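Reviewing the structure listed below.
Laboratory data are not the source of any read-out in this text; all were calculated from the coordinates shown. Note that the structure is predicted; figures quoted are calculated from it, not measured. Positions of Cβ are generated from backbone atoms using ideal geometry, with glycine treated the same way; all protein chains shown enter the neighbour counts.
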Amino acid sequence: MNNRLEEIRKQRGIKQEELANALEVSRQTIGSLENGRYNPSILLALRIARFFGMSIEDIFIYEEEEEV
């Protein structure tokens with residue numbers, strides 16, 4: 001799953017640590033989300049979307065793999 005978290009966070013001038021504190025997660029969690037090493041739980045995805053006043057789909061991009 002891809003996401004626009006880093007792009008949106010930077011556009012709003014928010015540091016990773018500030019976002020982490022607001023969401024009550026570690027800064028490392030934010031970094032892992034932004035680098036695509038970690039997919040959020042549905043609850044964390046909802047909290048992120050609410051924090052930015054956006055829908056989950058505006059932040060997280062899910063692309064189904066096509067079957068051959």
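Here are the numbers for the structure shown:
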quantity: Amide H partners (placed H, <5 Å) of Asn3, local residues excluded; calculated: Ile61
quantity: Dipole of the chain, positive end: most advanced residue of Leu43, Ser26, Asn3 [Cβ charges, Cα centre]; calculated: Ser26
quantity: Gyration tensor (Cα) of the chain, equivalent ellipsoid semi-axes in angstrom; calculated: 21, 13, 11
quantity: Estimated [θ] at 222 nm from DSSP helical runs (n ≥ 4, -39500 (n - 2.57)) normalised by residues in the chain, nearest 500; calculated: -14500 deg cm²/dmol
quantity: Exposure rule at most 16 other beta-carbon atoms within 10 Å, DSSP loop trypsin sites (Lys or Arg not before Pro): the chain longest free segment; calculated: 38-68
quantity: Sorted by Cβ neighbour density within 10 Å, fewest at the top, the residues Leu19, Leu33, Leu46; calculated: Leu46, Leu19, Leu33
quantity: Sparse-neighbour loop sites [GluC sites (Glu not before Pro); the chain; at most 16 other C-beta within 10 Å; DSSP]; calculated: Glu24, Glu63, Glu64, Glu65, Glu66, Glu67
